[in-house]
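Right, one structure below, let's go through it.
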Amino acid sequence: MRRHELTDHEWELLAPLIPRAATGRPRVSDRQVVNGMVYKIRTGISWRDLPERYGPWQTVYTRFRRYALNGVFTRALQQVQAGADAVGDIDWLVQIDSTIVRAHQHAAATGRKRGSTGRTNRNDHALGRSRGGLTTKIHLTCDGKGRPLAILLTPGQRHDSVCARPLLERIRVPRTGPGRPRCRPDRVVADKAYSSRGFRVYLRKRGIACTIPEKNDQKRHRRNRGRRGGRPPAFDRQAYRRRNVVERCFNRLKGFRGIATRYDKTATSYEVAVSLASFLLWARSV
């Protein structure tokens, strides 16, 4: 096994989900091709610069796009999560946060064309303009051990609180036996960016405890209203001390150079790259 390639354990988890053609001419080994995908994401090189040992770069890229559209790596991530949940290995004290990724000029050359009406195409491929230029924001939930549970991509200027609900609704850990997927964490830990009355009400309706510090202006507004302002929201300082776990999760994800800087033109390809990196983080921890 070379550097930046799948281990035998990782391949055993992924191999059953790789689609195989029943007929046709012999093709490049599936493990060889997937190793090329992992190498590309880990190093951040161009598809055309893949080493020859992984086969033709066109083959690796074509299968990557095919697996992306078929949801192969998303199912692989859900499968390894289901196995961990079956043995009680998931800590359901869930942290949510986001990080901004700078888009390379190769990624910034798509999804922003103008149509006949003169307005920007609605399919922006999760590219937005913020202080750092064209950026993508990765919204992420992780368990108490710093392993990704759900991912959501948005343009870089999108506020965190707007994406909190759809991000939590993406948590779906399947059961290995009968039963519906688990979608509800025990507790959500987040920073002040997620402190809003609407989000707290949403969590309360779902029966999810939360540890979110209150913003200063919200405290001042509540005090100015006197008795009508209500009681301050509960805040568990011990639970909030573990919020650094999600920051460490981002740090491990950005160890993949193809994640730390976005080179993929389409949001689908970049999201699948993040899913593949998340699968590798899970596979190395179970």
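Within the stretch 218-286, the percentage of alpha carbon pairs spaced more than 19 angstrom apart rounds to 58%. Which pairs, out of Lys145/Lys219; Lys145/Lys215; Lys219/Lys254; Lys215/Lys265; Lys137/Lys215; Lys40/Lys192, put more than 30 Å between their alpha-carbon atoms? Where the Cα-Cα span goes over 30 Å, the pairs concerned are Lys145/Lys219; Lys219/Lys254; Lys215/Lys265; Lys40/Lys192.
For the stretch 145-237, averaging the sequence separation of C-alpha pairs within contact (under 8 Å, six or more residues apart) and dividing by the residue count gives a relative contact order of 21 percent.
When nucleic acids and ligands are ignored and a 1.4 Å probe is applied, Cys142 ends up with an accessible area of around 0 Å². For the chain, the share of accessible area belonging to carbon and sulfur comes to 45 percent (1.4 Å probe, ligands and nucleic acids excluded).
For the set Arg197, Arg227, the ranking by accessible area, highest first and with no ligand, DNA or RNA atoms included, is Arg227, Arg197 under a 1.4 Å probe.
Per residue, the chain exposes 54 Å² of accessible surface when a 1.4 Å probe is rolled over the protein heavy atoms with every protein chain present. Derived value for the chain: Kirkwood hydrodynamic radius 20.6 Å. Basis is the mean of 1/r over every pair of different alpha-carbon atoms.
In what sequence, largest accessible area first, do Glu5, Glu169, Glu52 appear using a 1.4 Å probe?
The ranking, largest first, comes out as Glu52, Glu169, Glu5.
Here is the tail figure for the stretch 15-115: Cα pairs spaced more than 17 Å apart come to 68 percent of all pairs. Taking a sphere under 10 Å around the Cβ of Leu168 and counting the other residues whose Cβ falls inside, with K and R at +1 and D and E at -1, yields a net charge of +3. Axis angle, to the nearest 10 degrees, between helix 244-253 and the longest C-alpha principal axis of the chain: 20 degrees. A simple rule links phi to the HN-Hα coupling: the Karplus curve 6.51 cos²θ - 1.76 cosθ + 1.60 with θ = phi - 60°, which for the stretch 228-240 gives 5, x, x, 7, x, x, 5, 9, 9, 5, 5, 5, 5 Hz, with x for Gly and Pro. Trp92 exposes around 10 Å² of accessible area when a 1.4 Å probe is run over every protein chain in place.
The values are calculated or read from the model by the stated rules, or taken from the named source; none is laboratory data. Worth saying up front: this structure is predicted, and the values here are computed from it rather than measured. Positions of Cβ are backbone-derived with ideal geometry, glycine not excepted, and every protein chain shown enters the neighbour counts. Side chains included, ligands, DNA and RNA excluded: accessible areas come from the protein's heavy atoms. Shrake-Rupley method; radii C 1.70, N 1.55, O 1.52, S 1.80 Å.
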